[in-house]
Every structure is written in C-alpha cells, then in structure tokens.
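One structure, pasted below without further comment.
Every number in this text was worked out from the coordinates using simple rules, so none of it is lab data. Just so it is clear, the structure is predicted and the values come from calculations on it, not from any experiment. Don't worry about glycine lacking a Cβ; one is built from the backbone with ideal geometry, like all the others, and counts go over all protein chains shown.
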Amino acid sequence: MRGYDAINRIKARLESVCPLTVSCADIIAMAARDAVYLSKGPWYDVETGRRDGGVSVAEYAENDLAPPDSNIVDVKTFFSVKSLSAKDIAVLFGSHSIGTSHCGAFQKRLYNFTGTGRMDQDPSLDAGYAAKLKKLCPPGHGHSHGGAKVPMDPGSGFTFDLSYYRHVLATGGLFQSDGSLRDDPVTRGYVEKLANASSPDEYFADFASAMVKMGRTDVLTGRLGEVRPTCDTLVD
C-alpha cells in the first residue's frame, strides 16, 4: 500500500501524546477519509474504536478483495460477504476516481484476454482507450510493482468527482471490474445516473454512507485485538 510512511508518521506523533490509544486501523480509516476530502470529495465522520489485529498477512488481505480482473458475479460475491449491496459496489468503486495503478492490474485486458495466447484484448474495452493503455503498458511491463503508473480516471485522477462514472460508461474503465459495473442492472443504473448528473451532492452522500457501512465490517473492539505501538512492525 503506497503512502504507508504517512501512516507511520501520524502514529508516531499520536504515541508521543497518547500512548496506546489510537489504533493503526483507525488511523488508516481516517486517513482514507482525509485523502478523499483533500481531493475535493465529501467529509464524513469516521466511527472509531477499532483495535488492531495481531497478524498481518498480505495474502489474507488480497483474498479479502475482489481482484481487478473480476466479473460482476465475482465482485458481487466478494461484497455480499461483507453485507454490502450492489448499490454499495457501484458507490464504493467511485473511489477509483483518484489514484493510479501499475500495468499488471489490467494488462490481461490488453493482451491474451481469453488466455489462448492470441494477444486478444477485452472486447468490452473501448478501442481508442485500449490503444493509449498499450502505449503506456507494452507487453512484458505487467509487474505489479513496476513500470508505468496509470491514472484510474484519466484526466481527473486527482479530483474526487463524477468523472469516473462517465469514464466507465464510455470506455469500460481501467480494470475489468470497473467495466463489469455495466453488466448488472443495479450497478449500471447507478453508473448511468451519476454519469449524467449535474451535481455530485447525491453521490457524496451515498459515498459517505457506504464508507461508514463498510467500516463496520470485520472490526475488532473491546478486548479483541490490540493497539499497536507502531504500525509497520508487529509486537509479540
């Protein structure tokens, strides 16, 4: 996760004033909110009181997320386990309005989409957009932590706005999972509504609500878990 150095600096400042009080989990939740707000998105209250887990395994985290090459059935399955609805999916995917991705997360859409070795691309991906992506990510540059960094919302990658939904509707989005929003009546309906909206107010309210809802899943509180003194190392 990029930006974790900022989390560590925040934690160090907090520990100097209030030792073992604010968890790393709460810091990450509030930092995510602040990143959205500083990108001209909504401000929302973050529920606090989370405690940190005693184990941190990258594989567990990856298995808890829908991969970027997921279809809509897989995406809905991943989110339903967290009690999140189809509308929640469409709302939360709007966070792709800001940030970048390495080529490896979407390169399969550009080359060998069907897995037959024919160098075919995802037919749902806009041809013009695909051509631009191929220039940024030629074959062999798909390493997840190397190569080009591609904006998830081209032309508006630093502003939290409705541009993402217009991009998905017009091109199929950067990730296959983005494009899959067009394959379900609920998620497509929401994408179309926001792509044609004149104001982000309704979306901002929906996003705030969905983030609070997601923030209540799989939470450790009370005597469960711990409050770590640092966020980049585990203490036995």
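Which helices of the chain meet both criteria: a Cα extent of 18 Å or more along the helical axis and a mean Kyte-Doolittle score no lower than 0.5, with helices taken as whole DSSP H segments? All intermediate terms of the calculation are to be shown ahead of the outcome.
Details: long enough: 4-17 (20 Å, -0.35); 24-38 (20 Å, 1.17); 201-214 (20 Å, 0.18).
Within the chain the helices that satisfy the rule are 24-38.
Under a GNM of the chain (C-alpha, springs under 10 Å), which listed residue has the highest mean-square fluctuation: Asn196, Asn63, Asn112?
Sorting by GNM fluctuation, first place goes to Asn63.
Would you mind calculating the relative contact order of the range 1-142 from Cα pairs under 8 angstrom and at least 6 residues apart, reporting the percent as a whole number? Walk me through the numbers on the way to the answer.
Values: 86 pairs, mean separation 18.7, N = 142.
The value is 13 percent.
Sticking with this structure for a sec: Counting other beta carbons within 10 Å of each Cβ, put Lys108, Lys40 in order, fewest first. Display every interim value, and only then the final one.
Working: Lys108 17, Lys40 13.
Ranked by crowding around the Cβ, least crowded first: Lys40, Lys108.
Pop a pseudo-label 7 angstrom from the Cα along the beta-carbon direction at both Leu224 and Asp5 and give the gap in nm to one decimal.
Those two pseudo-labels are separated by 3.5 nm.
Write out the cysteines belonging to the chain for which the nearest other cysteine Cβ is not under 4.7 Å, or none if no such cysteine exists.
Isolated Cys, the chain: Cys18.
Just want the answer: with Cβ charges of +1 for Lys and Arg and -1 for Asp and Glu, which residue in Ala127, Cys103, Tyr165 is farthest toward the dipole's positive end in the chain?
After comparing all options, I get Ala127.
For Leu220, list long-range residues whose amide hydrogen, built 1.01 Å from N in the peptide plane, is under 5 Å from its own amide hydrogen.
So Leu220 has HN proximity to Arg51.
Compute the FRET efficiency between Lys135 and Thr114 as 1/(1 + (r/R0)^6), taking r as their Cβ-Cβ distance and R0 = 22 Å, and round to the nearest 0.05. Mind dumping the intermediate values first?
On the way: r = 22 Å, r/R0 = 1.02.
The value I calculate is 0.50.
Let me ask something else. Treating the beta-carbon of each Lys and Arg as +1 and of each Asp and Glu as -1, no other charges, what is the dipole magnitude of the chain about its Cα centre, to the nearest 20 debye?
I would put it at about 400 debye.
So who's got an amide H within less than 5 Å of the one on Thr100, skipping anything under 5 residues away but keeping other chains? H placed 1.01 Å off N, in plane.
HN-HN under 5 Å from Thr100: Met152.
How much net charge surrounds Asp120 when only the other residues with a Cβ under 12 Å from the Cβ of Asp120 are counted, with Lys and Arg +1 and Asp and Glu -1? Intermediate results must be reported in sequence, preceding the final value.
Details: positive: Lys108, Arg109, Arg118; negative: Asp122.
That sum, taken over residues with Cβ under 12 Å, equals +2.
For the chain, please report how many Lys pairs fall under 26 Å Cα to Cα, leaving out neighbours fewer than 8 apart on the same chain.
For the chain, the number of qualifying lysine pairs is 22.
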